Amino acid sequence: ELLSVAKQIWEDPIDDAKGAKKALKCIEKSIELSPNNSSAYAVKGQIYAHAYTLNLSFITNGLQLAKKACNKAIQLDSRNGLAHISRLWISMHEKDFEKSKQLVKDAKDINPYEPFLLATIGFYYVFSDSPEPELSKQYIEKAINYNSKPQFWYYMALEEYYMLKNDFQKALELSLKSPELEWRTPAYHWILGDKDIALKKFKEYSSKNPSRAEFLKEELGKDKESKA
């Protein structure tokens, strides 16, 4: 039960920093009760990697902690698909796409029918250094078919596919499947010409997701600096 709660970090409708702290508390208790559970360490690695991605201030070495947790997961069970998925996420965070390719191959050999794994591979194919959108769509749609209650990020990868195809109406529809407002939802409204709705939605997003709004602000600043 504790492991299941921790896995919902991406579904938690509260601020990311609060959600990460809650998830870490649950996973640490889970590990305390079952110290040889490989999946618990794999999920712990995902939480730290997620914190690293969003630059959450209360964790300063998220990627290193994520690697440590995932290595422990593999040590406990070298065939744990969830552990391999976690390593794949870390390799993508590091933009080590050669390693990602190998991990994708390894993950396919471990369990070709696990929805979470299929969705992660689909995510890789659409966000890698050499995107393969059609292959991504194939894996994501399989993941959705194999899971009666897909996590919203499954749809986010499929949303990226339609965005690459410039089908912003379909991308908007998929973004609305998230249990909370996505930052890309107002962007789609803006592109489709609904600027009043876009501004209203972005204001709503910023007020409900302060840490993510700050992250987007920092990323925009980096983008302006690189163009300058």
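The values are calculated or read from the model by the stated rules, or taken from the named source; none is laboratory data. Here the structure is a predicted model, which means the values were calculated and not measured. Neighbour counts are summed over all protein chains in view; Cβ atoms, including those assigned to glycine, are modelled from backbone coordinates with ideal geometry. Keep in mind that these areas ignore ligands, DNA and RNA; they rest on the heavy atoms of the full protein, side chains included. Shrake-Rupley method; radii C 1.70, N 1.55, O 1.52, S 1.80 Å.
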Which numbered condition residue 129 fails, given (1) assigned to a helix (DSSP H, G or I); (2) of a type in the set (D, E, K, R); (3) more than 30 Å from residue 196 (Cβ to Cβ): (1)
Would you point out the residue of region 140-159, among those that are in contact (Cβ under 8 Å) with a residue 24 or more places away in the chain and over 16 Å from the mean Cα position of the chain (by Cα), that is most open to solvent (accessible area, probe 1.4 Å)? 146
Being at pLDDT 90 or above, aromatic (Phe, Trp, Tyr) and in a helix (DSSP H, G or I) narrows it down to one residue among 161, 154; which is it? 161
Test for residue 123: is it under 17 Å from the mean Cα position of the chain (by Cα), under 28 Å from residue 87 (Cα atoms), surrounded by fewer than 19 Cβ atoms within 10 Å (Cβ to Cβ) and among the hydrophobic types (A, V, I, L, M, F, W, C): no
Looking at region 38-84 only, could you name the residues that are part of a loop (DSSP other than H, G, I, E, B) and either open to solvent by less than 50 Å² (accessible area, probe 1.4 Å) or not acidic (Asp, Glu) (or both)? 54, 55, 56, 57, 58, 59, 60, 61, 78, 79, 80
Given the residues 172, 164, which is the only one that is touching a residue at least 12 places away in the same chain (Cβ under 8 Å), of a type in the set (A, V, I, L, M, F, W, C) and farther than 25 Å from residue 16 by Cα? 164
Which of the residues that make up region 97-128 are within 18 Å of residue 148 (Cβ to Cβ) and touching a Pro at 6+ places or on another chain (Cβ under 9 Å)? 115, 118, 119
Can you confirm whether region 94-106 contains a residue that is touching a helix residue (DSSP H, G or I) at 6+ places or on another chain (Cβ under 8 Å) and within 21 Å of residue 182 (Cβ to Cβ)? no
Just to be sure I understand, how many residues within region 164-181 are touching a Lys or Arg at 6+ places or on another chain (Cβ under 9 Å) and assigned to a loop (DSSP other than H, G, I, E, B)? 2
How many residues are crowded, with 20+ Cβ neighbours inside 10 Å and out of contact with any Phe, Trp or Tyr (no Cβ under 6 Å at 6 or more places or on another chain) when one looks only at region 127-139? 1
